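Please read the structure below before turning to the comments.
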Amino acid sequence: RDRYNKLSGWIRRKPYRYKLFLILYKTLPLLVMGTYGVMIFYGIYKLNREQWIRIIAVPAVTFLVVTVFRKLLNEKRPYEAYDIQPLVYKSKQGESFPSRHMVSVVIIAMAGFYISVLLGSLLLLFSVLIGILRPAAGVHYVRDILGGFFFSLIMGIIGFYII
């Protein structure tokens, strides 16, 4: 709790830091989702049917599995477990592990790698930034981020390269 309060205090102290934090927190996931939409449309014209279905099905299955898993575990979020004021207000209770944002952006990055190493690398960079922002916001633990990262990495390897 003390480390979080120190970090969040540093961000809050300067309005430009807090504003930049909020802009990145909100826009990076949207940028990844928008890129995914473009990937789907790109796939209609440039990928074969199997590849196109794969870039839709693997993320969909991954998202569905992690959503059910989170509901079953129902882990508390940091702002529930500790007396902290998150940088981003959330009213959601539980379902912290694994981070569904992280699962989503990493599986989209894996789909990006399936299409292009450059695209996948860029999306993975955005995933890392999102993975830093979520615990900094006070809405996830680092374990939630790492759990989401590795879950999607495994699902992506299986879905895009093994099956």
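The values are calculated or read from the model by the stated rules, or taken from the named source; none is laboratory data. Just so it is clear, the model here is predicted, and its values are computed rather than measured. Cβ sites come from the backbone with ideal geometry, for glycine too, and all protein chains shown count toward neighbours. These area figures cover heavy atoms from the full protein model, side chains too; ligands, DNA and RNA do not enter into them. Shrake-Rupley method; radii C 1.70, N 1.55, O 1.52, S 1.80 Å.
Tabulated values for the structure
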| read-out | value |
| --- | --- |
| Some residue of the stretch 122-145 being over 16 Å from the mean Cα position of the chain (by Cα) and part of a helix (DSSP H, G or I) | no |
| Scope the stretch 99-121; condition closer than 21 Å to Tyr82 by Cβ and either open to solvent by less than 40 Å² (accessible area, probe 1.4 Å) or not in a helix (DSSP H, G or I) (or both); matching residues | Ser99, Met102 |
| Residues that are of a type outside the set (D, E, K, R) and surrounded by fewer than 24 Cβ atoms within 10 Å (Cβ to Cβ), drawn from the stretch 86-98 | Pro86, Leu87, Val88, Tyr89, Ser91, Gln93, Gly94, Phe97 |
| Selection count where residues are open to solvent by less than 80 Å² (accessible area, probe 1.4 Å), over 20 Å from Leu129 (Cα atoms) and touching a residue at least 60 places away in the same chain (Cβ under 8 Å), scope the stretch 6-58 | 8 |
| Qualifying residue in the stretch 147-163 (condition: of a type outside the set (Lys, Arg), assigned to a loop (DSSP other than H, G, I, E, B) and open to solvent by 60 Å² or more (accessible area, probe 1.4 Å)) | yes |
| Which numbered condition Tyr89 fails, given (1) free of Cβ contacts under 8 Å to residues at least 40 places away in the same chain; (2) within 30 Å of Ile162 (Cβ to Cβ) | (2) |
| Filter result (open to solvent by less than 20 Å² (accessible area, probe 1.4 Å) and either touching a strand residue (DSSP E or B) at 6+ places or on another chain (Cβ under 6 Å) or assigned to a loop (DSSP other than H, G, I, E, B) (or both)) within the stretch 62-85 | Arg77 |
